[in-house]
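Novice: Shown below is the structure under consideration.
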Amino acid sequence: MNTPRSPMNFAPGLVVAVAVVLLAACGGPTTAAVSAPTHGASFNQALHDRLPQSVRDGGVLRVGTDASYAPMSSFGPDGRTIIGVEPDLGVLIGRVLGVRLQFVNTDFAKLLGDVAGGNPDIAMSAMTDTPERAKTVDFVDYFSAGTSIVVQRGNPAGVTDLKDLCGKIVAVESATTQVGLLARTQKNCGDRPIIVKSYPTNSDALLQLRTGRVAGALNDFPPASLLVNDPRTKSNYQLASTTQYEPGLYGIAVAKRQPGLREAVQGAFEELLRSGVYKDVMARWCVRDGAVHRISVNSDR
């Protein structure tokens, strides 16, 4: 018989060190290691008790993410540490639940199936909660974003709207909601269809744009905004317009057979909202516009 481990202990007011990228005036990032205060979110025994026994015994909640989507989740300067909005939220969720959230880089297209199969425990990867995806997993919704069109600096292809993509080659990450958005846009293209090129990661799609092989790439607004403001990338990219298409909610994916885990994650997020540390993370990464005011499940369908 396994002896249950005690939940992770945090002294009141403890500061947990996490690696983040500081955004100078919500523009270019300056790499630094800082300390994320966690005094505003405290351990909750009732939520801890809702976690699966295996998570309570091991003290670790495994989180799958596609670390190619800054500022939500991406690799830090060391090429190994996953940093961003989601890992920072993970530190705080772990404080509430009394376990450590371990982020693991995973192929985005495989995340839903992997979570449904039990490995990893959850997925937190800028994944939009859609009715189709919710047939496979449950979602705890924590952020709002729409899709933006990213083009090369100077916009040589003259793209200002979705309709301008007709007859052009467009790059997109596989299995994202942007694939569906392009499919719906095709209906208005007549005999000039969009030539859609799908790639395993967002970084792969952006490489095609940077090297001039495609006319545009579709990204969620937070990573698109970072690209065009980051001093390291803004010379290569710009937004086609300020329009955000088909805004939706990002959700943490949880297996449907794990209602207790879903309730624990939802309760932890609600604690982050009440304590104000959720807003602190949004401000740190300059994504305040995507903050939600209520944590919903499956968009409360």
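The values are calculated or read from the model by the stated rules, or taken from the named source; none is laboratory data. Keep in mind the model is a prediction, meaning the values are calculated, not measured. When we count neighbours, we look across all protein chains shown, and the Cβ atoms used for this are built from the backbone with ideal geometry, even at glycine.
Novice: Does PHE108 satisfy the condition of being farther than 21 Å from LYS279 by Cβ, without any contact (Cβ under 8 Å) to a residue 60 or more places away in the chain and crowded, with 18+ Cβ neighbours inside 10 Å?
Specialist: When the stated conditions are applied, PHE108 does not pass them.
Novice: Looking at (1) touching a residue at least 60 places away in the same chain (Cβ under 8 Å); (2) more than 17 Å from the chain's Cα centre (by Cα); (3) under 30 Å from ASP114 (Cβ atoms), which one does GLY212 not meet, given that it meets all the others?
Specialist: It is condition (3) that GLY212 fails.
Novice: In region 220-242, which residue that is touching a Cys at 6+ places or on another chain (Cβ under 9 Å) and polar (S, T, N, Q) is surrounded by the fewest Cβ atoms within 10 Å (Cβ to Cβ)?
Specialist: Per the stated criteria, the residue is ASN229.
Novice: Now a separate question. Suppose the filter is touching a residue at least 40 places away in the same chain (Cβ under 8 Å), assigned to a loop (DSSP other than H, G, I, E, B) and over 24 Å from THR243 (Cβ atoms); does ASN119 pass it?
Specialist: Here the answer is yes, as ASN119 does meet what is asked.
Novice: Would it be correct to say that VAL214 is assigned by TED's automatic domain parsing to the domain that holds GLN53, modelled with pLDDT of 95 or more, surrounded by 24 or more Cβ atoms within 10 Å (Cβ to Cβ) and not polar (S, T, N, Q)?
Specialist: So VAL214 fails the test.
Novice: Kindly establish whether GLY76 is in contact with a Lys or Arg (Cβ under 9 Å, 6 or more places away or on another chain), in contact (Cβ under 8 Å) with a residue 24 or more places away in the chain and surrounded by fewer than 20 Cβ atoms within 10 Å (Cβ to Cβ).
Specialist: no
Residue by residue, here is whether (1) out of contact with any Phe, Trp or Tyr (no Cβ under 8 Å at 6 or more places or on another chain); (2) among the polar types (S, T, N, Q); (3) surrounded by fewer than 24 Cβ atoms within 10 Å (Cβ to Cβ); (4) under 27 Å from ASP300 (Cβ atoms) holds:
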{"residue": "GLY59", "(1), (2), (3), (4)": "yes, no, yes, no"}
{"residue": "VAL63", "(1), (2), (3), (4)": "no, no, no, yes"}
{"residue": "ASP114", "(1), (2), (3), (4)": "yes, no, yes, yes"}
{"residue": "GLY118", "(1), (2), (3), (4)": "yes, no, yes, yes"}
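Novice: Separate question: Do we have any residue at all in region 146-157 that's closer than 20 Å to TYR250 by Cβ and basic (Lys, Arg)?
Specialist: no
Listed here are the residues, each with its yes/no results for (1) part of a loop (DSSP other than H, G, I, E, B); (2) touching a helix residue (DSSP H, G or I) at 6+ places or on another chain (Cβ under 7 Å); (3) over 26 Å from LYS110 (Cβ atoms).
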position: GLY212; (1), (2), (3): yes, no, yes
position: LEU226; (1), (2), (3): no, no, no
position: PRO231; (1), (2), (3): yes, no, yes
position: GLY260; (1), (2), (3): no, no, no
position: ALA268; (1), (2), (3): no, yes, no
position: TYR278; (1), (2), (3): no, yes, yes
position: ASP289; (1), (2), (3): no, no, yes
position: ARG294; (1), (2), (3): yes, no, yes
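Novice: Quick one: in region 287-301, of everything that is over 29 Å from ASP230 (Cβ atoms) and touching a strand residue (DSSP E or B) at 6+ places or on another chain (Cβ under 8 Å), which residue is modelled with the lowest pLDDT?
Specialist: By that ranking, first place goes to SER299.
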